[in-house]
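Right, one structure below, let's go through it.
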Amino acid sequence: MARSLAERMRTNELQKARLAEQEAKLKGAERKARTRWLIEAGGLIAKVGLFDLDANALCGALLSLRDGAA
């Protein structure tokens, strides 16, 4: 028996809600992973004694390191 338009619309709305929930979970997981990476990177910078550098000096040092590694 064919489903009515209202039933199909309700099914589509439920599917959209599930997809939105899944997307929110993925964004939360990505944000959490990025935060962890940033904390680890900051820890490494502090560990090697570069934490007290001016932001521009630190950026320059990191760019030099990147260019040397490439």
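Can you tell me which residue in the range 53-62 is modelled with the lowest pLDDT, limited to those that are surrounded by 11 or more Cβ atoms within 10 Å (Cβ to Cβ) and either in contact with a helix residue (DSSP H, G or I) (Cβ under 6 Å, 6 or more places away or on another chain) or of a type in the set (Gly, Ala, Ser) (or both)?
Among those that are surrounded by 11 or more Cβ atoms within 10 Å (Cβ to Cβ) and either in contact with a helix residue (DSSP H, G or I) (Cβ under 6 Å, 6 or more places away or on another chain) or of a type in the set (Gly, Ala, Ser) (or both), it is Ala61.
Which numbered condition trips up Leu50, out of (1) open to solvent by 100 Å² or more (accessible area, probe 1.4 Å); (2) part of a loop (DSSP other than H, G, I, E, B)?
It is condition (1) that Leu50 fails.
Out of the range 35-46, which residues are modelled with pLDDT of 95 or more and open to solvent by 100 Å² or more (accessible area, probe 1.4 Å)?
Arg36, Trp37, Ile39 - these are the residues of the range 35-46 that are modelled with pLDDT of 95 or more and open to solvent by 100 Å² or more (accessible area, probe 1.4 Å).
Which members of the range 1-34 meet the condition of being open to solvent by 100 Å² or more (accessible area, probe 1.4 Å) and either outside any helix (DSSP H, G or I) or touching a Leu at 6+ places or on another chain (Cβ under 7 Å) (or both)?
Of everything in the range 1-34, those that are open to solvent by 100 Å² or more (accessible area, probe 1.4 Å) and either outside any helix (DSSP H, G or I) or touching a Leu at 6+ places or on another chain (Cβ under 7 Å) (or both) turn out to be Met1, Arg3.
The values are calculated or read from the model by the stated rules, or taken from the named source; none is laboratory data. Because the structure is a prediction, the values reported are computed rather than measured. Please note: Cβ atoms are built from the backbone with ideal geometry, for glycine as well, and neighbour counts cover all protein chains shown. We work out accessible area using only protein heavy atoms, side chains counted, and drop any ligands, DNA or RNA first. Shrake-Rupley method; radii C 1.70, N 1.55, O 1.52, S 1.80 Å.
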